[in-house]
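Taken together, the values in this text are just the output of simple stated rules run on the coordinates, not laboratory data. Worth saying up front: this structure is predicted, and the values here are computed from it rather than measured. With ideal geometry, Cβ positions are generated from the backbone for all residues, glycine too; neighbour counts draw on all protein chains shown.
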């Protein structure tokens, strides 16, 4: 059985590859993804639609710099790069708080801050 930290690694690797099945396998059916200040998705179907949001192109580059684990929560921080259809490349800092239930991710709280290119 995967540890919580290993499951977060799998989730992040799935995003780096835009691999929907890989990401969805880490989530509970009633997953809630809150991107604070932007939107909330509920359930695997809505979450799946955000994996490759049509406003973005390609897969993101994600550099996890710190990982903290306490009980049923794993927090990661890092920096990333992506590209939007309308505005091209961008950089960002992120912090994701993963809450687990029954060995799977049941909630993701994402905080994203734009960085200068």
Self-check item: As computed over the chain, the Cα convex hull volume per residue (Å³)
Solution: 96 Å³
Quiz prompt | Top of 96, 21, 86 by mean-square fluctuation, Gaussian network on the chain, Cα under 10 Å | solution = 86
Practice problem: Would you kindly state how much longer the chain becomes between residue 106 and residue 39 on full extension, computed as 0.36 nm times their sequence separation minus their alpha carbon distance, in nm to one decimal? | Solution: 22.5 nm
Practice problem: Can you tell me the relative contact order of the chain? Whole percent, Cα pairs under 8 Å, sequence separation 6 or more. | Solution: 25 percent
Self-check item: Antiparallel DSSP beta bridges within the chain, as percent of all bridges there, nearest 5
Solution: 90 percent
Quiz item: For residue 6 and residue 21 in one chain, what is 0.36 nm times their gap in residues minus the Cα-Cα distance, to one decimal in nm?
Solution: 3.8 nm
Exercise. Normalising by the residue count of the range 1-63, find the relative contact order in percent from Cα pairs under 8 Å and 6+ residues apart.
Key: 31 percent
Quiz item: Taking the simple approach of a point 7 Å from Cα along Cα-to-Cβ for both residue 81 and residue 57, what is their distance in nm?
Solution: 1.5 nm
Quiz item: Is it possible to state the helix-based mean residue ellipticity at 222 nm for the chain, with each DSSP H run of 4+ residues giving -39500 (n - 2.57), the sum divided by total residues, to the nearest 500 deg cm²/dmol? What is it?
Solution: -6500 deg cm²/dmol
